[in-house]
Amino acid sequence: MRRQRIHVAVGVVHGDDGRILISRRPDTLHQGGLWEFPGGKVEGGEGVGPALVRELREELGISAAPERCILRIPFDYDDRSVLLDVWHCRHTGGQPRTLEVADWRWVVPERLGEYRFPAANLPILDAVRLPSRYLITPSDEPIGRLIEGLDDALAAGIRLVQWRRPADEVDALRRALGRCREAGARLLVNGDVTLASRVGADGVHLRSSQLRELTGRPWPRPALVAASCHDPAELERALALDVDFVVLSPVAATASHPGAEPLGWGRFADWIRDYPRPVYALGGMSEGELPRALAARAQGIAAIRGLWPGR
């Protein structure tokens, strides 16, 4: 008989200084001793937001304002099934205390990997550490202008880049990777795991055609593995390959694929509602579409022209 999922409200609580609050589970509880993003069970008839406010107050003695849902993660442990309803929360008051937790920490996102989390929390770690904008390099820029544009994009705050250029432009790729490293950004190579590994890139972005060919994750963590998806079947296949995040397209009409039927925001939101990985919206995206993407529960937007300086 299928087990009923325990509905759990989870808070990614942000402080004013950019750090995130995590807590350690008491040793006597399920997954005891591990760190987690705090929260607790949603009671019958209770909304997720009120449940999260209550749990944070009861467990840690703090007040927080849930602002938007960032992930819904169905997950099956050996002994129970859970649905994690994960919300971005703003800390609004109170010094954390160990009321119902064993310990707590304020941690910068880059150092969250130093703590041991339950398996169900791992997609949240990806979501917390990924930015809201994913730049894809244009294919029609000369190399000199490409590097200049990348510098401008990094100066404007871009921190995740997909290198989608011919495979023989290895020297330019190495230059771009160096620029990204200097700016604290990560660079993924489109489609070519061998090339990405050879130059020391931060990961690889799989084409949708590669999803059908691969039998497992092509590059172990901590390298990032992303994938391009266009329908629910490809989303499921990407999940089976244990990718870290996906790009779903086309959300709106785009000049690069004029014959493709746009999903629209409604269908996009429906398809990713319970998808347990961060999802970027692609297709007709620009900075102005970022609020709509976040409202649809996306990680953010991915774009070439919409994020490329001077376009």
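Key figures for this structure:
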| quantity | calculated |
| --- | --- |
| Test: residue in region 255-262 that is touching a residue at least 40 places away in the same chain (Cβ under 8 Å) and more than 29 Å from L154 (Cα to Cα) | no |
| Selection within region 72-82 - crowded, with 19+ Cβ neighbours inside 10 Å and touching a His at 6+ places or on another chain (Cβ under 9 Å) | V82 |
| Number of the exception - N190 against (1) open to solvent by 10 Å² or more (accessible area, probe 1.4 Å); (2) more than 17 Å from P138 (Cβ to Cβ); (3) in contact (Cβ under 8 Å) with a residue 12 or more places away in the chain; (4) not β-branched (V, I, T) | (2) |
| Test: residue in region 133-140 that is over 30 Å from D85 (Cβ atoms), open to solvent by 50 Å² or more (accessible area, probe 1.4 Å) and without any contact (Cβ under 8 Å) to a residue 60 or more places away in the chain | yes |
| Residues satisfying the stated conditions in region 27-71, i.e. part of a strand (DSSP E or B) and open to solvent by 30 Å² or more (accessible area, probe 1.4 Å) | K41, S63, P66, E67, R68 |
| Qualifying residue in region 211-224 (condition: within 22 Å of R297 (Cα to Cα) and either surrounded by fewer than 20 Cβ atoms within 10 Å (Cβ to Cβ) or of a type in the set (A, V, I, L, M) (or both)) | yes |
| Meets criteria (closer than 23 Å to L122 by Cβ and not in a strand (DSSP E or B)) for S197 | yes |
| Breaking point among (1) in contact (Cβ under 8 Å) with a residue 40 or more places away in the chain; (2) in a strand (DSSP E or B), for G18 | (2) |
| Residue under evaluation Y115, criteria (1) among the hydroxyl-bearing types (S, T, Y); (2) closer than 27 Å to A295 by Cβ; (3) touching a residue at least 40 places away in the same chain (Cβ under 8 Å), criterion not met | (2) |
| Candidate set from region 273-289 (those that are surrounded by fewer than 24 Cβ atoms within 10 Å (Cβ to Cβ) and more than 12 Å from R305 (Cβ to Cβ)); member that is nearest to the chain's Cα centre (by Cα) | R277 |
| Hits in region 142-163 (condition: surrounded by fewer than 19 Cβ atoms within 10 Å (Cβ to Cβ) and touching a residue at least 60 places away in the same chain (Cβ under 8 Å)) | G149, D152, A156 |
| Of all residues in region 121-177 being among the polar types (S, T, N, Q), part of a loop (DSSP other than H, G, I, E, B) and at pLDDT 95 or above, the one that is farthest from I301 (Cα to Cα) | T137 |
| Total residues in region 50-99, condition in contact with a Pro (Cβ under 8 Å, 6 or more places away or on another chain) and either without any contact (Cβ under 8 Å) to a residue 40 or more places away in the chain or farther than 27 Å from D274 by Cα (or both) | 4 |
| Subset of region 227-283 that is modelled with pLDDT of 95 or more and among the acidic types (D, E) - its residue that is nearest to N121 (Cα to Cα) | D244 |
| Number of the exception - D270 against (1) buried (at least 24 other Cβ atoms within 10 Å of the Cβ); (2) under 24 Å from H7 (Cα atoms); (3) more than 16 Å from the chain's Cα centre (by Cα) | (1) |
| Positions within region 226-267 being assigned to a strand (DSSP E or B) and open to solvent by 10 Å² or more (accessible area, probe 1.4 Å), in sequence order | S228 |
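A quick yes/no check of all residues on (1) open to solvent by less than 50 Å² (accessible area, probe 1.4 Å); (2) touching a helix residue (DSSP H, G or I) at 6+ places or on another chain (Cβ under 8 Å):
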residue: H91; (1), (2): yes, no
residue: Q95; (1), (2): no, no
residue: L99; (1), (2): no, yes
residue: A102; (1), (2): yes, no
residue: R105; (1), (2): no, no
residue: V108; (1), (2): no, no
residue: E114; (1), (2): no, no
residue: A120; (1), (2): yes, no
residue: L125; (1), (2): yes, yes
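The values are calculated or read from the model by the stated rules, or taken from the named source; none is laboratory data. It should be emphasised that the depicted structure is a prediction, and the values quoted were computed from it without experimental measurement. Virtual Cβ from ideal backbone geometry, glycine too; neighbours counted across all protein chains shown. Surface areas here come from the heavy atoms of the whole protein model, side chains and all, with no ligands, DNA or RNA. Shrake-Rupley method; radii C 1.70, N 1.55, O 1.52, S 1.80 Å.
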